[in-house]
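One structure below.
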Amino acid sequence: MKASLMKKLSLGFLIAVLGSIILASFISNYTIEKKFKNYLVDEHKSKVSNIVKIIDDIYSNNKNLSTASTDEIQRYALIQEMYIEIKDLYNNTLYTSGNSHLQHNPMMENMMRGMMHNSSEMNIGKYTEETHPLLVNNQKIGTITIGYFGTSYLSSASVTFINTLNHSFILSAIVALIFGLIISVIISKQLSKPLVKITDTANKMRTGDLDVRANVDANTKEIDELSKSINYLAETLKNQEMLRKRLTSDMAHELRTPLTTLKTHVEAFIDGIWEPTIERFEAFYEEIERLTKMVDNLRNLAKLEQSNLNLNKSKVNLSEQLEKIIDTFKPLYIKENYELTCSITPEIMAIVDNDKFIQIMNNLLSNAHKYLKPNGKVHLTLKKANQNVVIKVIDNGIGIPEKDLPYIFERFYRSDLSRNKNTGGSGIGLTITKAFVEVHGGKIYAHSKINQGTTFIVELPIK
Ligand code: ADP
């Protein structure tokens, strides 16, 4: 079974919180304990050497122990919780802070425990004795024995500290877990709510409702992008659906017109209403030609869409090539009193498939010509911009309605204006032109104002 976002997030949060707290407590336990131990060992060493020095000093000054001196040593022994014993070179005891060694005397041990400020559950450690020489003017005159319980009893303080620390870790773990849970619930709600909406939208689209849109107010970048993408998808699918419907009706229309003409004329022949003259057969022939051209176009388009277009690229002087193309169009324009002008930057070279380039320009120039009005003018420009060549075909013809502009490169799409003009087009020229431009890695787009004219812009990379 798949887990919900909320479950996953909450679990993730909990694991992260627990993991980090456990890790933090391990690290701090370890470092604190280590630091504490070092500190205690240093402390102890300095205490012992201090006492030895004090006793050395007392002997240096007095040679013999006065009551005041033994009191002082006794005080030290008590304060530092140590057993102190001084012997001369012949092993005679000169001074002892207690009656006996602590480890042999449970009473003393208890007393030591009592002396310690903390409770008896503390680990007072192993009893240890160390012997130091009693030096007077750097000469050994006896020994000082210092007995003490292992430093571990002191480290009980660190144990208490660590215990307190661990308690606070556990407490913060509980608080963090509660907080983590609350936060994960809030965040997962914030995430899942728009996602549910987007899924709903996608499901509605699946059932064919392409007018639906995901209206989510998400402040998460990815979710916002997802909702925009799904809306874009719905819009595109809707347009495609519209184009598909329009394509079918356009095709039916294109096929029906010549077929109806043929049918009525043949019926007229059969009924003997019309004489079958050469002119009438020529009219038939034209209609059949139109039909054949349409079928050819369809086949070409299918080929274009199925196969990867192979390019036969070479270095072409586009400036020269364009001049030539314009020359071939000039007579057609002059015949109808149209003007065809150009401003071409000389010697622009690019690596293109020359045949396809010619076809691109032929399509654009014949369209511009087809959709001109009386006093029509077409101006062509060629220039270089960065790593591209930019070609513009600017006409002052009938223009393209704004609603049709996004679709003119679609298969068989023709604006109603051009349909009315009866130019005999089939709505396929621009589809092919666009495919040729794009296979070169270029772009084609158009600006247009109805009744004022249209500009087609082609950008082709130089290399
Ligand atoms: P067609 O064979 O109909 O010209 P195209 O694919 O070449 O097919 O063009 C598609 C449609 O784009 C045309 O039917 C027309 O509506 C519009 N169009 C293309 N070029 C122009 C232009 N220069 N001026 C006005 N409309 C144009």
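Numerical summary
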{"read-out": "Karplus-derived 3J(HN,Hα), 6.51/-1.76/1.60, for each residue of region 399-416, Hz, glycine and proline x", "value": "x, 10, x, 4, 5, 8, 3, x, 10, 4, 8, 7, 4, 6, 7, 9, 6, 4"}
{"read-out": "Within region 17-98, trypsin sites (Lys or Arg not before Pro) in DSSP loop having at most 11 other beta-carbon neighbours inside 10 Å", "value": "Lys63"}
{"read-out": "DSSP loop GluC sites (Glu not before Pro) with at most 10 other Cβ within 10 Å: longest gap in the chain", "value": "122-335"}
{"read-out": "DSSP-defined antiparallel bridges as percent of all bridges, region 310-461, nearest 5", "value": "80 percent"}
{"read-out": "Computed magnitude of the charge dipole of the chain (debye, nearest 20; Cβ of K, R +1, Cβ of D, E -1)", "value": "580 debye"}
{"read-out": "Region 166-291: relative contact order in percent, alpha carbon pairs under 8 Å with at least 6 residues between", "value": "16 percent"}
{"read-out": "log₁₀ of I(q)/I(0) at q = 0.12, 0.14, 0.20 Å⁻¹ - region 221-305, Debye sum with one point per alpha carbon", "value": "-0.59, -0.70, -0.97"}
{"read-out": "Accessible surface, region 310-461, averaged per residue in Å² (probe 1.4 Å)", "value": "49 Å²"}
{"read-out": "Under-5 Å amide H pairs with Tyr83, H placed in peptide plane, nonlocal only", "value": "Gly147, Tyr148"}
{"read-out": "Region 1-55-region 283-359 distance, computed between alpha-carbon centres (Å)", "value": "80 Å"}
{"read-out": "Whole-number percent relative contact order across the chain, with pairs defined as alpha carbons under 8 Å at least 6 apart", "value": "10 percent"}
{"read-out": "Full-stretch length increase - Met349, Glu323 - with 0.36 nm per residue and alpha-carbon distance subtracted", "value": "8.0 nm"}
{"read-out": "Projected label distance in nm at Lys2 and Thr292, using a 7 Å step from Cα toward the beta-carbon", "value": "5.7 nm"}
{"read-out": "Rounded accessible area of Val41 (nearest 10 Å², 1.4 Å probe)", "value": "60 Å²"}
{"read-out": "Value of relative contact order over region 310-461, rounded to a whole percent, pairs C-alpha under 8 Å and six or more apart", "value": "23 percent"}
{"read-out": "Carbon/sulfur fraction of accessible area - the chain, other protein chains in place, 1.4 Å, %", "value": "56 percent"}
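The values are calculated or read from the model by the stated rules, or taken from the named source; none is laboratory data. Note that this is a predicted model, so its numbers are computed, not measured. A quick note on method: Cβ atoms are made from the backbone with ideal geometry, for glycine too, and the neighbour counts reach across all protein chains shown. These accessible areas exclude ligands, DNA and RNA; they are computed on the full protein's heavy atoms, side chains included. Shrake-Rupley method; radii C 1.70, N 1.55, O 1.52, S 1.80 Å.
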